[in-house]
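S.K.: Okay, handing you the structure first.
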Amino acid sequence: MGAEELNVLFQERIDANDKIEPRDNMPEEYRKHLIRQMSQHAHSEVIGMQPEGNWITRAPSLRAKKILLAKVQDEAGHGLYLYSATETLGITRDELIEKLHQGKAKYASIFNYPALTWADMGAIGWLVDGAAITNQVSLQKTSYGPYARAMVKICKEESFHQRQGYEIIASMAAGTDEQKEMAQDALNRFWWPSLMMFGPHDSDSPRSGNAMKWKIKRESNDVLRKRFIDKTVSQVELIGLTVPDKDLKWNEKEQSYDFGAIDWDEFWAVIKGGGPCNIKRLKHHKKAHTDGEWVRKAAAAYAQKQAKN
Amino acid sequence: MDNLNLSKFCIRLGDHCLIMAHRQSELCSNGPFLEEDIAQINLGLDLLGQAEALLIYAAKLEGGTRTADDLAFRRPERQFHNFMLTEQPNTDFAFVIVRQYIMSLYLLKTYQALSKVEDDTLSGIALKALKELTYHERHFAMWLKRLGDGTEESHERTQTAINELWMFVGELYEEDEIDFMAQKASYAPTGIEMKTFLMEHITAKFSEATLETPHSIYMTTGSKKGIHTEYLGYLLTEMQYLQRAYPDAKW
C-alpha cells in the first residue's frame, strides 16, 4: 500500500473516532506532532516541580507542607507517565531530555514566572492547574490512545491540585490584611499568564490545523480559554478578590465573559527565553542531571556486576 | 511514664522525623533521575506524616496549650531535640543515602518497641510507620550497595560520607532520664540494645557494599540538651519563616 493510501486509511480511522495505538500506522507528521506536544507536556510537569518545590521547605503548617509535597510528587509522577507515553512513539527519555537541555523542546511558559509568596502556591494550584485541567479534560478524547489514557489518570489528580490551590487562596483571602494583599497580588501576577497558557488566538495558531484534523486537539485555544475564564471568575468573586482586567464584562447574549486584550508581546518574549526564570529553570534541571551522573553510572556499574555474578 | 515526659519523648522522635522530612523535601527536583526524585520526596512525605502524628500527640499530652504547628514552627533552635545526624545537609547523594540508611535502622528499632505498647495512639503511629520504614531501609540499603560497589567515584564519595557523618552516630544510642523512663515502661530499647542492633546491621551492610565502618572516631553529643550543629539554625530559619513573620495569620 502506498503512503497516500495509508494516509487516507489513517484519516478514515480518525474520522471514525478510532484510537491510534503505538504499533498502528500513522503519518510521520502525526508522530512528530505528538512527540512535540507530549514531551512538552512531560517537561512542563517536571519543570513545574521547581516553583512549587521552592516553597515546600517554607510551607506555613505541617498540613500545608504535607499537601504540597504530595502534590509535587504527583506532578513528578505525571512527568514520568507522560515520558513513558511519549516513548511509545519511538523516542527515548534521554533524547527528550537532551532536546530540553538544548532548548529545542519547550515546557509551559508559565513556569518561567517566579513563585514569590506562599499565595503563589495557591495561585499556581488554582489558576495554572485549573487552566491545565481545562485543556486536559479536552485531551482525554485525543486520538492517540496512550496520551488519552494518560490524560484520564492525570485529570483525576489535577482536580485535587486545583482544590488545594483554591483552598490556600481562599483562606488567605479570608485572613489578615497582609494575607489578603498577598492573595490579590498572586492573582494579579498569575491571571494573565494563565490565560496565555491556552496559546495564541485561533487565528494565530499555526499548528492547530493539523492537530484538529487529526483530533489530537479536540477544541480550539479560544474555546478552552473562554471556558476557563467563565468557570474561574465566579470563584474569584466568591472569595472577595478582583480579576485584574478592567475590560472583563458579562456578555448576556453569549452567556459568557468578554475580556481584555492579552499581551502577546509578553507571551512571545517569555517563550523565546525572556521570562524572569527561563535561564534559572533550565540551569537547575541541567545541574540536577549533571550532578546525578555519577549516581546513574554507579547504578549501571553495579547492575552490570550483578548480571555477571 | 507521666504525660509530660511521654510528651517530651514524642517530641524528640517527632523532631527526628520533621528535620529529616525537611532535608528530604530539599531534594525535590534535584534527583539523579526522575524515578529517584519521586522516591526521595515520597520517603520525605512518610517522615513528615510521622512527625505530624507524633507532634499532634505530644501537644495533646502536654495539655493542649500548644499545637503541633506551634511545636514545629515556633520553637527556637535550642528547644529542638533531633539528632545532629538528621540535620546534616544533602552534600551529595551519598550523604543522603548514608544519613537516611542509618536513621532508617534507628527508626525501625524504635518503632518496633513502640508498636507493642498499650498506648493505642502510639502503637498505631508505630505500626503504620513500621510498614513505611521497612521499605525505607530496603531502599537506602539498596543504594548503599549500588554506590559502595558501583564505580570508583561512587565508592569514594560514599566512604567520605560515612567518615564525615560517623561522629554523629553515637547520639543514637545515648541515654538520659527520659530514655530511662521510656525503657522502664518498655517504650524504647536500651542504649546497648540499640547500639548492638545498629552496629550489627551497619557493619554487615557496609561490608557487603565494600565500605569500611570507621573505628575510633570521637562521637559528638548534645541534641538531647538542644545542642546542634550550625546547620539547624538555617534550616529552622527557612522552615519557620512564615509563622514567625506573620504570627497572627492562619494558613
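S.K.: Search the structure for amide H atoms under 5 Å from the amide H of residue A:144, placed 1.01 Å from N in the peptide plane, and list their residues when 5 or more places away or on another chain.
M.R.: Answer set, sorted by chain and number: A:20.
S.K.: Apply the Karplus parameterisation 6.51 cos²θ - 1.76 cosθ + 1.60, with θ equal to phi minus 60°, to every residue of the stretch A:167-172 and state each ³J(HN,Hα) to the nearest whole Hz, in sequence, with x for glycine and proline.
M.R.: 4, 4, 5, 4, 6, 6
S.K.: Please express the Cα-Cα pair-distance distribution P(r) of chain A as a list of whole percents, one per 20 Å bin, running from 0 to the bin with the greatest distance.
M.R.: Percent of pairs per bin, in order: 30, 56, 14, 1.
S.K.: Next up: Would you list the P(r) distribution for the protein assembly as shown, with all Cα-Cα distances sorted into 20 Å bins from 0 and each bin expressed as a whole %?
M.R.: Reading the bins upward from 0: 19, 47, 28, 5, 0.
S.K.: Using per-residue counts of other Cβ atoms within 10 Å, averaged over each peptide, order A:23-30, A:220-227 from highest down.
M.R.: A:220-227, A:23-30
S.K.: Total accessible area buried between chains B and A, 1.4 Å probe, in Å² to the nearest 100?
M.R.: The contact between A and B buries close to 4000 Å².
S.K.: Can I ask one more? Mind checking which helices in chain B clear 24 Å along their axis (Cα) and have mean Kyte-Doolittle hydropathy of 0.5 or more, DSSP H runs only?
M.R.: Length and hydropathy pass: B:34-62, B:93-114.
S.K.: If each of residue B:138 and residue A:253 carries a label point 7 Å out from its Cα toward its Cβ, how far apart are those two points in nm?
M.R.: My value for the distance between the label points is 6.6 nm.
S.K.: For residue B:250, enumerate residues with amide H under 5 Å from its amide H, sequence gap 5+ or separate chain, H modeled in the peptide plane.
M.R.: Answer set, sorted by chain and number: A:176.
S.K.: Let me ask something else. Straight-line reach from residue A:297: which aspartates and glutamates have a Cα under 17 Å away, not including same-chain ones fewer than 8 places off?
M.R.: Leaving aside aspartates and glutamates fewer than 8 places away in the same chain, those within reach of residue A:297 are A:94, B:35, B:36, B:37, B:92, B:149, B:152, B:153, B:156.
S.K.: Averaged per residue, what accessible area in Å² does chain A show with a 1.4 Å probe, protein chains only?
M.R.: Here the residues of chain A average 45 Å² of exposed surface.
S.K.: Which number comes out as Rg/Rh for the stretch B:1-137 once both Rg and the Kirkwood Rh are worked out on C-alpha atoms? Kindly include the intermediate steps, with their values, before the conclusion.
M.R.: Values: Rg = 14.8 Å, Rh = 15.2 Å.
Answer for the stretch B:1-137: 0.97.
S.K.: Stokes-Einstein diffusion coefficient for the stretch B:3-245 at 4 °C in a medium of 1.567 mPa s, Rh from the Kirkwood formula over Cα pairs: what value in µm²/s?
M.R.: It diffuses with D of about 71 µm²/s by this estimate.
S.K.: Here is a follow-up. From other protein chains only, count the Cβ atoms within 10 Å of every residue's Cβ in B:146-155, then give the mean.
M.R.: Other-chain Cβ atoms within 10 Å of each residue's Cβ, averaged: 6.
S.K.: Here's a follow-up. What dipole magnitude, in Debye to the nearest 20, does the protein assembly as shown give about its Cα centre under +1 on Lys/Arg Cβ and -1 on Asp/Glu Cβ? Show your work: numbers first, answer last.
M.R.: Values: 68 positive and 79 negative charges, 116 e Å.
Here the size comes out at about 560 debye.
S.K.: What's the average, rounded to a whole number, of partner chain beta-carbon atoms within 10 Å of each residue's beta-carbon in A:288-294?
M.R.: Counting Cβ atoms of other protein chains within 10 Å of each residue's Cβ and averaging gives 6.
S.K.: Between A:150, B:113, B:133, whose Cα lies farthest towards the positive end of the dipole of the protein assembly as shown when Lys and Arg beta carbons carry +1 and Asp and Glu beta carbons carry -1, centred on the Cα centre?
M.R.: Sorting the options by dipole projection puts first A:150.
S.K.: In the stretch B:3-245, what percent of the accessible surface is made up of carbon and sulfur (1.4 Å probe, ligands and nucleic acids excluded)?
M.R.: Whole-percent figure for carbon plus sulfur exposure: 53.
S.K.: Mind checking the mean number of beta-carbon atoms from other chains within 10 Å of the Cβ atoms in B:41-50?
M.R.: 4
S.K.: Can you pull the percent of Cα pairs in the stretch A:119-163 with separation above 13 Å?
M.R.: 51
S.K.: Based on the Cβ-Cβ distance of residue A:152 and residue B:119, what FRET efficiency does E = 1/(1 + (r/R0)^6) give at R0 = 45 Å, to the nearest 0.05?
M.R.: On the way: r = 44 Å, r/R0 = 0.98.
For R0 = 45 Å, the calculated efficiency reads 0.55.
S.K.: Considering only lysines 8 or more places apart in sequence, or on different chains, count the pairs in the stretch A:1-106 whose C-alpha atoms sit under 21 Å apart.
M.R.: For the stretch A:1-106, qualifying lysine pairs total 4.
The values are calculated or read from the model by the stated rules, or taken from the named source; none is laboratory data. The structure displayed is predicted, hence computed values, not measured ones. Cβ sites come from the backbone with ideal geometry, for glycine too, and all protein chains shown count toward neighbours. For accessibility, only protein heavy atoms count, side chains too; no ligands or nucleic acids. Shrake-Rupley method; radii C 1.70, N 1.55, O 1.52, S 1.80 Å.
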